[in-house]
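See structure below.
The values are calculated or read from the model by the stated rules, or taken from the named source; none is laboratory data. For clarity, every value in this text was computed on a predicted model and none was experimentally measured. We place every Cβ from the backbone using ideal geometry, glycine too, and count neighbours over all the protein chains shown.
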């Protein structure tokens with residue numbers, strides 16, 4: 001994967017509107033009714049991440065799950081980060 005230049009990053013951000021960019025990372029915090037539901041989401045995220053062979057940083061706080069994505073090998077954000085962010089949003093709605 002190739003690191004995206006600023007213009008494509010700016011164009012991709014509206015496709016994942018609840019994700020925030022800070023430098024070369026996009027992140028989002030999801031909130032769930034309780035710990036059990038949050039953990040089910042984390043397990044679904046893990047499965048999708050393994051399938052994509054692209055793994056987010058995950059921070060779990062009882063009913064909140066923060067995911068952060070960047071492509072370390074490329075040195076920044078790539079199309080893979082935005083595709084996986086959209087997939088995680090889909091999983092959260094399931």
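List of remarks:
- Summed over region 2-55, the residues that are at negative phi and part of a loop (DSSP other than H, G, I, E, B) give a count of 14.
- Top-ranked residue of region 75-94 - restricted to ones that are in a helix (DSSP H, G or I) and either exposed (fewer than 12 other Cβ atoms within 10 Å of the Cβ) or at pLDDT below 95 (or both), ranked as farthest from the chain's Cα centre (by Cα): 93
- Residue match in region 58-65 (condition: in a helix (DSSP H, G or I), over 19 Å from residue 10 (Cβ atoms) and touching a helix residue (DSSP H, G or I) at 6+ places or on another chain (Cβ under 9 Å)): no
- Residue 72 being in contact with a helix residue (DSSP H, G or I) (Cβ under 6 Å, 6 or more places away or on another chain) and without any contact (Cβ under 8 Å) to a residue 12 or more places away in the chain: no
- Residues of region 1-51 satisfying the condition of being loosely packed, with under 13 Cβ neighbours inside 10 Å, out of contact with any strand residue (DSSP E or B) (no Cβ under 8 Å at 6 or more places or on another chain), more than 18 Å from residue 74 (Cα to Cα) and in contact (Cβ under 8 Å) with a residue 40 or more places away in the chain: 15
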